[in-house]
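Comments concern the structure below.
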Amino acid sequence: MAFYEVCILGLKGYDADYLYQVVLELVKELNIDADVKYISDMKAMAKFRVIMTPAIAFNGKVRGYGRIVPRGLIKKWLLEMVKEEES
């Protein structure tokens, strides 16, 4: 099984906390071997070139930012991440 990385970028607060919890739940539900990180350091966030938070990145690629991404869309992106790595 491959190893994946999902990063939630944002200052501690409801929006980023919520996204982090949703990702943890979905990774467990989908049985994906992923390292889920919560990045709140501004210098670390700058490496992703994100201006608006919260943001979510899969294997270093930012997919959503500036809003709370719906659970269904996060699930879709997780499945796409796994599919991309397997092909």
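Nothing in this text is a laboratory measurement; each read-out follows from the coordinates by a stated rule. In this text, all values refer to a predicted model and were calculated from it rather than measured experimentally. Here the Cβ is made from the backbone with ideal geometry for all residues, glycine too, and neighbour counts use every protein chain on show.
Can you give the relative contact order of the chain as a percent, counting alpha carbon pairs under 8 Å and 6+ residues apart?
Here the relative contact order equals 36 percent.
Within segment 4-86, what percent of beta bridges assigned by DSSP are antiparallel, to the nearest 5?
55
When the Cα atoms of the chain are enclosed in a convex hull and the volume is divided per residue, what value in Å³ results?
For the chain, the hull spanned by Cα atoms encloses 79 Å³ per residue.
For Lys75, list the lysines whose Cα falls under 16 Å from its own Cα; do not include residues on the same chain fewer than 8 positions away.
Filter leaves Lys28, Lys61, Lys83.
Could you work out Rg/(2.2 N^0.38 Å) for segment 1-49, with Rg from alpha carbons only?
Taking N as the residue count of segment 1-49, the ratio is 1.20.
Mind telling me which of Arg71, Arg49, Arg63 comes out most flexible in a GNM of the chain, alpha-carbon contacts under 10 Å?
Answer for the Gaussian network model of the chain: Arg49.
Compare the Cα positions of Gly60, Val50, Ser40 along the charge dipole of segment 4-86 (+1 at Cβ of Lys, Arg; -1 at Cβ of Asp, Glu; about the Cα centre) and return the one farthest towards the positive end.
Val50
Can you give me the angle between helix 71-86 and the longest principal axis of the chain, using Cα atoms only, in degrees from 0 to 90, rounded to the nearest 10?
60
Rounding to the nearest 20 debye, state how big the charge dipole of segment 4-86 is about its Cα centre with +1 on each Lys and Arg Cβ and -1 on each Asp and Glu Cβ.
Using Cβ point charges on Lys, Arg, Asp and Glu, segment 4-86 gives about 380 debye.
What's the local net charge at Glu85, with K and R +1, D and E -1, over the other residues with C-beta under 14 Å away?
Taking every Cβ under 14 Å from that of Glu85, the sum is -4.
What number comes out for the charge environment of Gly60, summing +1 per Lys or Arg and -1 per Asp or Glu over other residues with Cβ under 14 Å away?
Result for the local shell: +1.
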